[in-house]
Amino acid sequence: MESKYDSLTLKNQLCFPIYLCSKEIIRKYTPILNELNLTYTQYIVMMYLWEKKTGNVKDIGKVLLLDSSTLTPLLKKLEVKGYITRVRSTLDERNLDITITDKGLKLRDKALSVPTQMSHCINLEEKEIEMLYSLIYKVLINIEKEEN
């Protein structure tokens with residue numbers, strides 16, 4: 001018998017398995033990233049910088065959906081580790097320009113095994129990964145459209 005509260009059960013929530021999946025994937029990343037002396041959030045910032053080489057807090061935050069109150073302490077820690085430099089923008093003093101250092105670039109070589117290690121634990125076929133990736137990004141795009 002259906003109840004008016006059925007929509008509030010965990011089994012009927014799309015958000016719940018997505019939350020659990022995200023939480024568990026990050027938990028699996030933790031020991032792998034500990035070997036690189038990175039948290040998961042630091043890792044995604046480093047991936048951004050391995051690709052772009054430079055950026056500013058605003059651009060990084062926009063791509064990674066992180067606000068400056070999360071990024072600022074994280075970037076300070078990455079700077080202390082010697083992986084990045086943070087310099088006030090000459091174009092706009094309110095912005096910090098972030099640049100990856102040689103040490104940060106060298107860390108990329110050590111990180112090469114991370115995706116392979118994670119793919120073993122996720123254990124999906126390539127087509128399943130592509131489908132999941134596509135659906136997740138479709139959800140993100142739809143949420144973004146709804147907010148605008």
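The values are calculated or read from the model by the stated rules, or taken from the named source; none is laboratory data. Because the structure is a prediction, the values reported are computed rather than measured. Note: ideal-geometry Cβ built from the backbone for every residue, glycine included; neighbour counts use all protein chains shown. Keep in mind that these areas ignore ligands, DNA and RNA; they rest on the heavy atoms of the full protein, side chains included. Shrake-Rupley method; radii C 1.70, N 1.55, O 1.52, S 1.80 Å.
For this structure, a couple of remarks:
- In whole angstrom, the stretch 52-133 maps to an equivalent ellipsoid with semi-axes of 30, 17, 11, each derived as √(5λ) from the alpha carbon gyration tensor and ordered largest first.
- Cα-Cα over 22 Å, subset of K52/K110; K77/K103; K11/K145: K11/K145
- Taking only protein heavy atoms and a 1.4 Å probe, the accessible area of the chain is 57% carbon and sulfur.
- Heavy atoms of V87: accessible area, 1.4 Å probe, square angstrom to 10: 80 Å²
- Estimated [θ] at 222 nm from DSSP helical runs (n ≥ 4, -39500 (n - 2.57)) normalised by residues in the chain, nearest 500: -20500 deg cm²/dmol
- Among the chymotrypsin sites (Phe, Trp or Tyr not before Pro) within the stretch 2-93, those in coil by DSSP and having at most 13 neighbouring Cβ atoms inside 10 Å are Y5.
- Its Cα centre serving as origin, the stretch 1-100 has a Cβ charge dipole (Lys and Arg +1, Asp and Glu -1) of approximately 160 debye.
- With at most 10 neighbouring Cβ atoms within 10 Å, loop GluC sites (Glu not before Pro) (DSSP) excluded, longest segment of the chain: 3-92
- Loop trypsin sites (Lys or Arg not before Pro), the stretch 33-71, which have at most 12 other Cβ atoms in a 10 Å radius of their Cβ (DSSP): K53
- Kirkwood hydrodynamic radius (C-alpha pairs) into Stokes-Einstein, the chain, 37 °C and 0.692 mPa s, D in µm²/s: 185 µm²/s
- Counting charges near C21 (Lys, Arg +1; Asp, Glu -1) among other residues having Cβ under 11 Å from its Cβ returns a value of +2.
- Shape call, the stretch 17-95: gyration tensor on alpha carbons, a/c limit 1.5: prolate
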